[in-house]
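What follows is a single structure, written as structure tokens, with notes after it.
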Amino acid sequence: GLSEASGSKVQVTKVFEALQNKPVTTATDFVNLEVTSRYHPQVQFSVKAFVIQKIGGSYPRRELNSTNWTHIPSNGFVDVDFFRPKKVELLLTSDIYFDVIRNGIILGKSGDPVAQESSLGWLVGGGNSSEQVNHPSCNLTDSLDAQLQRFWDVEHGPSEEVKRTKEENECEAHYMTTASRLVTGTYQVELPFKPTASPLWNSKAMTLKRLFSLEAKFSRHPTLKEENQRSIRDLIRDGHLELVHSNELSLPDEPVFHLPHNAVLKETSSTTMLQIVFDASAKSSTGQSLNDQLMIGPVIQHDLTTILIRWRYWRIPPTHCANSSQEAQHLQQELVTLTKKANFNLRKWSSSDESVLAAIPEDLREATSS
């Protein structure tokens, strides 16, 4: 039984979810309960219980004939009317269940319920009824309108505009004001530092430690070292890196931030087996990283659900779907021409249509046609 109860407001509204993260109810109040066993008064425990309008329906759905269950004890039940439909008043979590459960368990015939001993009394559950059901029942989990709306959302994907945070809007505004196109056709944009960003200060010791570790790895794998050097030269050649001028080598460590890198080897890659990855999450002497100082922009690509649904509507679904192989080839060539204007060469093409794949140069394919 309940020996004591006190109530209070929830500081943050608690949302309860069911399968597939579907919200089912919200709680704004809770009570602190002191629960005591009616059979073993020494058994007591405290429960913080959220208050909601109702917990499911009435269980069992109809009154059951318990006289046939001769293996069930005649007294000492947690619920003496376990065979009669009643509303659920308190739902305990599984951690409390394992605290009160005991070794005793009584089984009947196949399909009969089970009696489980606990410090609160006998618990009865499980089994299935073989009695003739004269009154069929139907359980509705939601309104028909809500179910149709979810079906529509699944079929057509989300239609509502995603709400952006203040930082996402500021990051996009920064891009719009700082992005520029160079004479080479490529685009250039400044790093979107937060307005409250502070100096990163010294990271030289950390970067040198990473470098020495990488050099030790190269001494054991000479081929990896050669690939790393080649990748560095490519970055310098393409203008992504530049050598530090000799007059800057003697600058104090504090105002300079050193960005460590790692050589990531991916033998399954069809293009570049080794990639240079710069670690912008590495912490400086202030405990801050470059990533910590940058704003996070909005997600601009479509979500995965929308992409997967879109594939069902087209005979040939590459990134941009088409209804014929000729249309798919035309779309692929248009996209290649467009991105080349910014010196961006699209590779790793794949298609569900062999004729489309055969029209793409082999060195630009991710897969080959059979």
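The values are calculated or read from the model by the stated rules, or taken from the named source; none is laboratory data. Treat the numbers as computed from the prediction; the structure is a model and nothing was measured. When we count neighbours, we look across all protein chains shown, and the Cβ atoms used for this are built from the backbone with ideal geometry, even at glycine. Note: areas computed on protein heavy atoms with side chains; ligands, DNA, RNA excluded. Shrake-Rupley method; radii C 1.70, N 1.55, O 1.52, S 1.80 Å.
If the segment from residue 363 to residue 163 were pulled out straight at 0.36 nm per residue, it would be longer than the present Cα-Cα gap by 67.9 nm. Karplus-derived 3J(HN,Hα) values for the range 209-224, using 6.51 cos²θ - 1.76 cosθ + 1.60 with θ = phi - 60°, are 4, 5, 5, 5, 5, 5, 5, 5, 5, 5, 5, 8, 9, x, 4, 5 Hz; glycine and proline are entered as x. For the residues 324, 198, a 1.4 Å probe over the protein chains yields an accessible-area ranking, largest first, of 198, 324. Each residue of the range 179-193 was assigned a 3J(HN,Hα) from its phi angle through the Karplus curve 6.51 cos²θ - 1.76 cosθ + 1.60 (θ = phi - 60°); the sequence is 5, 8, 10, 7, 5, 6, x, 7, 9, 9, 9, 7, 5, x, 5 Hz, with glycine and proline shown as x. Quick one: go through the range 70-90 and flag any residue whose amide nitrogen is under 20 Å from the point 7 Å out along the Cα-to-Cβ line of residue 103. Within reach of a label on residue 103: 73.
Annotation note: trypsin sites (Lys or Arg not before Pro) in the range 34-63 located in DSSP loop regions with a Cβ neighbour count of at most 16 within 10 Å are 38, 54, 61, 62.
Rolling a 1.4 angstrom probe over the protein heavy atoms, how many square angstrom per residue are accessible across the range 324-370?
On the way: 3120 Å² over 47 residues.
Per-residue accessible area for the range 324-370 comes out at 66 Å².
Full extension of the chain between residue 221 and residue 206 yields a length gain of 3.1 nm, computed as 0.36 nm times the residue separation minus the alpha carbon distance.
For residue 349, the accessible surface of its heavy atoms amounts to roughly 30 Å² (probe 1.4 Å, protein chains only, rounded to the nearest 10).
Given a 1.4 Å probe, how much area per residue of the range 212-304 is accessible, in Å²?
Working: 6660 Å² over 93 residues.
Each residue of the range 212-304 exposes 72 Å² on average to a 1.4 Å probe.
Accessible surface for residue 302 stands near 110 Å², nearest 10, in the context of the full protein assembly shown (1.4 Å probe).
Provide the gained length on full extension for the span residue 249 to residue 86, in nm with one decimal, where the gain is 0.36 nm per separating residue minus the Cα-Cα distance.
On the way: separation 163, 0.36 × 163 = 58.68 nm, distance 7.98 nm.
The residue 249-residue 86 span can extend by a further 50.7 nm.
Listed by chain and number, the lysines whose alpha-carbon sits under 30 Å from that of residue 340, ignoring those within fewer than 8 places in the same chain, are 266, 348.
If you sort 295, 176 by accessible surface, 1.4 Å probe, largest first, the order is 176, 295.
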